[in-house]
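A.B. asks: Next up is a structure, given as structure tokens.
Read the figures in this text as sums done on the coordinates, not as results from a lab. All of these numbers come straight from a predicted model, not from anything done at the bench. Positions of Cβ are generated from backbone atoms using ideal geometry, with glycine treated the same way; all protein chains shown enter the neighbour counts.
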Amino acid sequence: MSHLDPDTIALIALGESALPDDIEHVRGCLLCQGELDELTAVAASARAISPQDRPVAPPAQIWDRIEAEMGTTPRAIPAPVQPRVRRKSRAMFALAASVGVLIGGLGTYTMISADSVDSGSTLVAQAALEPLRDVKEPGAASVQQIDGREVLNVQASGLPATNGFYEVWLLAPDSSNMISVGMLDATQGGQFPLPAGIDLTAFPIVDISLEQFDGDVTHSADSILRGTLAI
Amino acid sequence: MHTSANDVSTGRARATQVLSVKETADLELTERFAGGDESAVRDMYERWSSLVYTIALRSIRNPDDAADVTQSVFISAWKGRAGFDPNAGALPAWLLGICRRKIADFYSAKARVEIASTQAIESDGSEPIHQVDTLSIDTIVDRVVLADELGRLGDPQQKIMELAFFNDLTHIQIASVLDLPLGTVKSHIRRSLDRLKTRLEATSVTP
């Protein structure tokens, strides 16, 4: 036998009388019975609504209080990258390359032997990464030149588990431009080869953001750790 | 009501568009919030603060305390946004989950104060004071959510459902009262019930 018409099930759920054949079908049909039970429960809940259940807006000053409290959250003070800025890495790389700005040409190397035990590895810059929120332990970042390539090392052990992921960025001093360097393993830190020709004086800020799997390639504006490279 | 085929198709097209715009807006709001956009909290507040406040007010029955709970719900949502998983459920369900916890927190804090002030009360087996003669939070949430959605059905759906729910009219009586075709009333009833069901499911959380 064919299933009951959905309109009919809805009427029975509201308590209207049903044809004997329909009742018989529902009794023997899990699908129709299930549908009827669900709609009957909805109707029963709806019938119990009293005037007090109708939503009323909270007092107007509540939003002001929320806004004031949000304004004091640690995240708002460092004002990480916002609003969302489209990534301009391609343009910036092209610019840097065309001008011929190479870190090597600036003569800004600092030799620190303790941090460059590997022969052929030179410390170029380093930064302490300060927590912006939710993170207890600071991290650290350094840029080393290894066999002519610059590599960014990031150490961050105190990052909380997340349903999203952590992304490493290099930001311009005013956060107006940025380059995504890669995804960070929250448990291990990571090493990120930097694009040849990158001008670290134009992108001196190392920023770790929490990103969601939302398909949006721009910075989430949710920065977790941040520090400026001392070059 | 619909006098020409043209009217009907235009009406349908508009309804579909409104729905998809609403869905897109929901998705966009969810993404903005999950992405850490502060302005998303303002939009969430505009959409759901009445629900949160009314649920708190129905449960706690004190406007000042309900306002405090409302404030703490949105603050907690913002601070805890990293814990929101868009794949695990809808944003309002998550928000109402926080609301339930805040109400529970309110009661346990109150119970501690009451116990402290009366010095010694046997805690084993005794019914929590606030549970006496009070609707369960689940019941309150369901009713407020349904009342909210009922108000969003628009007419003639809202009128039809109110007559069915609160005046116990049959669909034949409703059609007569509102001077609408029987088939129209039947399909409005079914679609509205489905919509109420969907809304309940979207806001129900396992505490």
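A.B. asks: Per residue of B:187-199, count partner chain C-beta atoms within 10 Å of its C-beta, then hand back the mean as an integer.
C.D. replies: Taking the mean over all residues of the peptide, I get 5.
A.B. asks: Between A:A48 and B:D138, what is the label-point separation in nm under the 7 Å Cα-to-beta-carbon projection?
C.D. replies: Simple spin-label model gives 1.0 nm for this pair.
A.B. asks: Can you list which of the chymotrypsin sites (Phe, Trp or Tyr not before Pro) found in segment B:37-80 are DSSP loop residues with at most 15 other C-beta atoms within 10 Å?
C.D. replies: none
A.B. asks: I need the phi-derived Karplus couplings for segment A:134-150: 6.51 cos²θ - 1.76 cosθ + 1.60, θ = phi - 60°, integer Hz, Gly and Pro marked x.
C.D. replies: Values per residue, Gly and Pro as x: 6, 10, 8, 9, x, x, 8, 9, 8, 10, 10, 9, 10, 6, x, 10, 8 Hz.
A.B. asks: Separate question: Can you tell me how much longer the chain between A:T218 and A:T187 gets when fully stretched, taken as 0.36 nm per residue apart minus their C-alpha distance, in nm with one decimal?
C.D. replies: The A:T218-A:T187 span can extend by a further 8.8 nm.
A.B. asks: Still on this structure: Between A:A60 and A:T162, what length comes free when the chain is fully extended (0.36 nm per residue of separation minus the Cα-Cα distance, one decimal in nm)?
C.D. replies: Fully extending the segment from A:A60 to A:T162 adds 33.3 nm.
A.B. asks: For A:D5 and A:N153, what does the FRET efficiency come to when R0 = 60 Å and r is the distance between their Cβ atoms, rounded to the nearest 0.05?
C.D. replies: For R0 = 60 Å, the calculated efficiency reads 0.35.
A.B. asks: Name the shape class, rounded, prolate or oblate, that the alpha-carbon gyration tensor gives for segment A:140-224, where a ≥ b ≥ c are the square roots of its eigenvalues, rounded holds for a/c under 1.5, and otherwise prolate holds if a/b is larger than b/c and oblate otherwise.
C.D. replies: oblate
A.B. asks: Just counting partner chain Cβ atoms within 10 Å, what average do the residues of peptide A:35-47 show around their Cβ?
C.D. replies: What the average comes to for A:35-47 is 5.
A.B. asks: If I model a spin label as a point 7 Å beyond the Cα along the Cα-Cβ vector, how far apart are those points for A:L19 and B:L27 in nm?
C.D. replies: Taking the two extended label points, one gets 4.1 nm.
A.B. asks: Can you tell me the length gained on complete extension of the stretch B:S39 to B:D85, counting 0.36 nm per residue apart and subtracting the Cα distance?
C.D. replies: 14.7 nm
A.B. asks: Along the Cα-to-Cβ line of B:Q173, 7 Å from the Cα, sits a label point; which residues in segment B:139-166 have backbone N less than 15 Å from it?
C.D. replies: B:160-166
A.B. asks: With 10 angstrom as the radius, rank B:R47, A:R133, B:R61 by how many other C-beta atoms surround their C-beta, starting from the fewest.
C.D. replies: Least crowded to most crowded, the residues run B:R61, B:R47, A:R133.
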